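Have a look at the structure below before the remarks.
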Amino acid sequence: MGLFDTLHCEFPLPDGCAEREFQTKSLACEMNDYCLSATGRLLHPGGQDTGFHGVLRFYTRSATGTWHEYEAKFTSGALQHLVPVASAAYSPEGFILPLPAAQP
């Protein structure tokens with residue numbers, strides 16, 4: 001188990017995921033709290049803009065056991081695109097990819 005940073009996401013997620021707290025290893029991995037603002041800026045703890053340039057991957061497992069993972073591309077601190085890269089169900093046997101279709 002390694003260190004990570006926490007990302008609080010205020011920006012709407014493209015797949016409608018309601019989770020707002022994620023982990024990432026794309027930043028300093030010093031157990032810091034960052035925020036992806038509703039305006040698409042990545043903020044340091046304390047609210048300062050990071051000016052981040054690059055790709056940020058972040059992920060979580062929801063209370064229902066569903067894995068959500070995203071990739072966000074930033075240019076000069078501005079979010080350019082945000083896409084889901086994985087969604088999976090978790091069972092005692094492990095993750096199931098892709099997420100199974102909903103049962104009626």
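The values are calculated or read from the model by the stated rules, or taken from the named source; none is laboratory data. Worth saying up front: this structure is predicted, and the values here are computed from it rather than measured. So basically every Cβ, Gly included, is an ideal-geometry build from the backbone, and we count neighbours across all protein chains shown.
Please work out which residue is farthest from GLN80 (Cα to Cα), limiting yourself to the stretch 28-55 and to residues that are touching a Leu at 6+ places or on another chain (Cβ under 7 Å) and hydrophobic (A, V, I, L, M, F, W, C).
MET31
How many residues are touching a residue at least 24 places away in the same chain (Cβ under 8 Å), part of a strand (DSSP E or B), of a type in the set (Val, Ile, Thr) and more than 16 Å from PRO12 (Cβ to Cβ) if we restrict to the stretch 49-82?
Final tally of qualifying residues: 2.
For the stretch 90-99, check the following and say yes or no: at least one residue is modelled with pLDDT under 65, closer than 13 Å to CYS17 by Cβ and either touching a helix residue (DSSP H, G or I) at 6+ places or on another chain (Cβ under 6 Å) or surrounded by fewer than 16 Cβ atoms within 10 Å (Cβ to Cβ) (or both).
yes
Yes/no per residue for (1) without any contact (Cβ under 8 Å) to a residue 40 or more places away in the chain; (2) farther than 23 Å from ALA63 by Cα; (3) in a strand (DSSP E or B):
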position	(1), (2), (3)
HIS8	yes, no, yes
PHE11	no, no, no
ASP15	no, no, no
GLU19	no, no, no
PHE22	no, no, yes
CYS29	yes, yes, no
TYR34	yes, no, yes
ALA38	yes, yes, no
GLY47	yes, yes, no
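Mind checking which residues of the stretch 8-36 are more than 9 Å from the chain's Cα centre (by Cα) and of a type in the set (S, T, N, Q)?
Selection gives SER26, ASN32.
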